[in-house]
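The values are calculated or read from the model by the stated rules, or taken from the named source; none is laboratory data. On a predicted model such as this, the values are computed, not experimentally measured, just so you know. Cβ placement follows ideal geometry from the backbone for every residue including glycine, while neighbour counts extend to all protein chains displayed.
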Amino acid sequence: MSKQNLLIIGQGDIGLPVTNKLAQDGLNVTGLARGERYDYALDDKAIFKQADALTLTAQVLQGFTHIAIIVTPDEYSASGYHNSYLAICQHLANLAENLTNLERIVFISSTGVYGQDNGEWIDKDTTPATPVRAASKVILQAEQSLQQGFNDKAVVIRPSGIYGRTRLMRLRKAREPHKEPVAASHWSNRIMDRDLVNIIVNVLTMESPEPIYLATDYAPVTTLELSVWLSEQIGEMPPTIDDKKTLVTGKCLHSNIPLAWLDYPDWQTGYRDILRHQK
C-alpha cells in the first residue's frame, strides 16, 4: 500500500477525534470543516482545510488516498440528510473516475437503515436494509451512491446508538425521580463513542476491510434491563413496566467488529466507565 494521505470530512464529535488520533499515530491527515481552524480542538500535527464538502473538486482531492465522510445534518429531517449525507456522497461519486490516487472511501452511515422492529437479529450478510423512516431511506441512498461510484473502494460503517462520557441521555433518565414507564421488551443496541473512533481509524488504515461494518457492541439489551441496571447503580428507583407496550420491538444487531478493536464490548463495561468519570 502506498503512503497514506487521509482526508476526514467533518470535524464534529466523532470526526475530530478520528482526525486527532490519526495525527497522533503519525499519519498524514487533513481535517475538513466549514468553520475555521480555531473552532476545532485540532491536533497540531493535523492539517486543516476550511471548505464545504460540496465545493471540493477532483483537483483538490487528487492527493488523497483515503477519505472518510463523518458528517451530521444541519437538521435531523429527510431534507437535512438529503442536503448533507446524500449530497456529499453523490458529489464525490461524480468525481470518482478522476480520483486516481484514491484507495478507500469510508462513509459513516447508521443502523437506522434496518427498519426491522420486532426484535429480530440483524446480520449484515443476511439481513436486507429495508429502512422505514424517510431520513433512513436517504442515508441508504447515500451509501448506494458511493458504492456505485467507487465499487470496492467504498466501505460503509453503520453505527448503532452512540453513547459516551458526554452522551448521557440514559443516565439522565435514570436520575429522574418520576420516571416514565418503560416497555418490557424493546431491544436496543449501542457503541461507545471512543470505540467508534477506533473502529473508523482501523477501517481507514487496515489492509483489506470488509465492505460493511455494523459498529455496535456485543450485547444488545432491552431498554428496561438497561434502565433498571443504571437506576440501581446510582441508587435511584427503577422504572415501572409500561403495561400498554406488550409487543417485542426494536432489533438485536449482530456485530462484525473484531473484539480486539473494542475497549467496551458490552454496555455494562461502557456505563461503568461513564459512572466512574461522573464521580
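Summary table below
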item: Selection within the stretch 163-178 - exposed (fewer than 10 other Cβ atoms within 10 Å of the Cβ) and over 21 Å from THR240 (Cα atoms); result: THR166
item: Any hit, the stretch 178-189, residues being out of contact with any helix residue (DSSP H, G or I) (no Cβ under 7 Å at 6 or more places or on another chain) and part of a strand (DSSP E or B); result: yes
item: Set VAL155, VAL182, VAL138: member being farther than 16 Å from HIS91 by Cβ, within 17 Å of the chain's Cα centre (by Cα) and either surrounded by 18 or more Cβ atoms within 10 Å (Cβ to Cβ) or at pLDDT 95 or above (or both); result: VAL155
item: The stretch 222-271 - residue that is of a type in the set (A, V, I, L, M) and without any contact (Cβ under 8 Å) to a residue 12 or more places away in the chain and, of those, farthest from LEU196 (Cα to Cα); result: VAL228
item: Test: residue in the stretch 218-229 that is within 26 Å of ALA23 (Cα to Cα), aromatic (Phe, Trp, Tyr) and either surrounded by fewer than 16 Cβ atoms within 10 Å (Cβ to Cβ) or under 24 Å from the mean Cα position of the chain (by Cα) (or both); result: no
item: Within the stretch 230-251, tally of residues that are of a type in the set (Gly, Ala, Ser), more than 12 Å from ASN189 (Cα to Cα) and surrounded by 15 or more Cβ atoms within 10 Å (Cβ to Cβ); result: 1
item: Residue within the stretch 121-132 that is among the acidic types (Asp, Glu), within 27 Å of LEU230 (Cβ to Cβ) and either surrounded by fewer than 18 Cβ atoms within 10 Å (Cβ to Cβ) or in contact (Cβ under 8 Å) with a residue 60 or more places away in the chain (or both) present; result: no
item: Only one of ASN202, ASN189, ASN151 that is at positive phi and not aliphatic (A, V, I, L, M); result: ASN151
item: Selection from the stretch 245-262 of residues that are not aromatic (Phe, Trp, Tyr) and not in a loop (DSSP other than H, G, I, E, B); result: THR249, GLY250, LYS251, CYS252, LEU253, LEU259, ALA260
item: Residues within the stretch 52-97 that are closer than 20 Å to ASN5 by Cα, surrounded by 14 or more Cβ atoms within 10 Å (Cβ to Cβ) and either over 17 Å from the mean Cα position of the chain (by Cα) or at pLDDT below 95 (or both), tallied; result: 12
item: Selection count, the stretch 196-236, where residues are outside any loop (DSSP other than H, G, I, E, B) and within 30 Å of GLN144 (Cβ to Cβ); result: 14
item: For GLU143: the one exception among (1) free of Cβ contacts under 8 Å to residues at least 60 places away in the same chain; (2) over 14 Å from the mean Cα position of the chain (by Cα); (3) assigned to a helix (DSSP H, G or I); (4) surrounded by 14 or more Cβ atoms within 10 Å (Cβ to Cβ); result: (2)
item: Hits in the stretch 98-117 (condition: hydroxyl-bearing (Ser, Thr, Tyr) and surrounded by fewer than 20 Cβ atoms within 10 Å (Cβ to Cβ)); result: THR100
item: Hey, LEU27 surrounded by 17 or more Cβ atoms within 10 Å (Cβ to Cβ), touching a residue at least 24 places away in the same chain (Cβ under 8 Å) and over 20 Å from the mean Cα position of the chain (by Cα) or not; result: yes
